[in-house]
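K.L.:
The structure follows.
The values are calculated or read from the model by the stated rules, or taken from the named source; none is laboratory data. None of these values were measured; they are calculated from a predicted model. Neighbour counts are summed over all protein chains in view; Cβ atoms, including those assigned to glycine, are modelled from backbone coordinates with ideal geometry. Heavy atoms of the whole protein, side chains included, go into the accessibility calculation; ligands, DNA and RNA do not. Shrake-Rupley method; radii C 1.70, N 1.55, O 1.52, S 1.80 Å.
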Amino acid sequence: MKIKKITKAVFPVAGMGTRFLPATKSVPKEIMTLVDRPLIQYAIDEARAAGIREFIFVTSRGKSALEDYFDVAPDLENTLRKAGKKELLAVLKGTNMDSGAIAYVRQNRPLGLGHAVWCARRLIGNEPFAVLLPDDVIAAEKPCLKQMVEAYAETGGNMVATMEVSPEKASSYGVLDVAEDMGAIVRAKGMVEKPKASEAPSNLAVIGRYILSPNVLNNLNKMKQGAGGEIQLTDAIAQEIGGEESVYGYRFRGQRYDCGSKAGFLQATVAFGLAREDLQREFSDFLHDMMAQQKAAQ
Ligand code: UTP
C-alpha cells in the first residue's frame, strides 16, 4: 500500500468563540495567549514539526488579526535588530510564514466544523490532509500530529486523535465505537457525536487532530445540516467506516487542554506557565501562596 505524505493542514478558525465573550467580540479566540504565544502559534508549530508545508486557514469576519499575525513585520524587526535584541528577533521570526505557504478561505456563515473543512476543499484537492483545531492545545514530548503522521504511515485511511474520558464527559465529544483495539491504534466500527452517558459506545473521545482522506470531502459535499443545525465533521468521517478506507483512533501520548473553554484555558495557562524555566519559580511560589490562602479561608 502506497501512503501519500501529509503536507497540507487545515486550521478551522471561523467559529464565533461565544464562550469567551466579551473578549472574542474583537479578538479572535485563536489570538488569545498562553503565556506569551497565541493559541494559533502552538498549532502551527505542531503542524510544522509533523512535516506540514501548506497551511490553510478557514476564517470569517473579524479574524484579520490572525492574518496579520503571520505577516512579516519589517519595522518591528528593524527596531529589534538595531537594539541588538537577537532572542526577541528569533522569537518574532518563528511567526513568519514563507510566501505562498499560507492560504485563507472564508466561511461565510458558521455552519459547523464539517462545513468549515468543506470550504477548504479546492485548496486541499485530491490528497490526504490534516485538520488541527487550535483551541485543543496538546503538551507532548513528541508533538501529537507527528505521532499521528507516523502511525498513519502504517495504516493509511483516516485517523482521529482520541483520549479516554469518563462517561459523563462523553456527551461533549464525538466517541468511537471500537472494532479492534491494537494498543495505541484502534479501528473504529462507528462514531457517535455527543452521545448520552448511557449510550456512549466506548470511553474514547475524539479531539481536535485529524488525518483525513479526500473521500471525507466528497461526503461533506453531499451532507445536509446535522445535529444542532451544523454540518458535523464526525458524521462525514463516520461515513467512511465500512468502506475502502478504515477509520482509526489514535491514543496520543500527551496532555490535551481544551482552550475553547474557560476552565481548560486557565488550566493550560498554569501548566504552560509552570513549564517555563524563566517563570517557574516565581509562578509556583505564587500558586502555592494562593492555595494556602484559599485553604485558610475555607
Ligand atoms: P467550537 O465548537 O469551539 O466553536 O469550534 P466556536 O465558535 O469556536 O466556540 P464557542 O463554542 O462559540 O465558544 C471548534 C473549532 O471549529 C471551528 C472553530 O473556529 C474552532 O476552531 N469552527 C466551528 C469553524 O471554523 N466554523 C464553524 O462553523 C464552527
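K.L.:
Leaving out ligands, DNA and RNA but keeping every protein chain, what accessible area does Ile6 have, in Å² rounded to the nearest 10, with a 1.4 Å probe?
P.N.:
Around 10 Å² of this residue is reachable by solvent.
K.L.:
For the chain, with every protein chain kept in place, what is the accessible area per residue (1.4 Å probe, Å²)?
P.N.:
Accessible area per residue: 53 Å².
K.L.:
Please report the accessible area of Glu46 (heavy atoms, 1.4 Å probe, ligands and nucleic acids excluded) in Å², nearest 10.
P.N.:
Using a 1.4 Å probe on the heavy atoms, I get roughly 10 Å².
K.L.:
What's the Cα-based Rg to Rh of the range 26-87, Rh via Kirkwood?
P.N.:
1.02
K.L.:
Choose one answer from Ala23, Ala47, Ala238: the residue with the largest mean-square fluctuation in a GNM of the chain with alpha-carbon springs under 10 Å.
P.N.:
Top of the fluctuation ranking is Ala23.
K.L.:
Further, regarding this structure: So for His288, His115, what's the accessible-area order with a 1.4 Å probe, most first?
P.N.:
His288, His115
K.L.:
Starting from the Cα of Lys169, draw a straight line to each of the lysines and keep only those under 19 Å, dropping any in the same chain fewer than 8 residues away.
P.N.:
Qualifying lysines at Cα under 19 Å: Lys194, Lys196, Lys262.
K.L.:
Rounded to whole Å and ordered largest first, report the semi-axes of the equivalent ellipsoid of the chain derived from its Cα gyration tensor (root of 5λ).
P.N.:
32, 25, 19
K.L.:
With all protein chains present, calculate the accessible area of Ile102 using a 1.4 Å probe and round the result to the nearest 10 Å².
P.N.:
Accessible area, nearest 10 Å²: 40 Å².
K.L.:
Kyte-Doolittle mean at least 0.5 and Cα extent at least 15 Å along the axis: which DSSP H helices of the chain qualify?
P.N.:
262-275
K.L.:
Right, here's the next one. Asn218 versus Lys86, label points 7 Å from Cα toward the beta carbon: distance in nm?
P.N.:
5.4 nm
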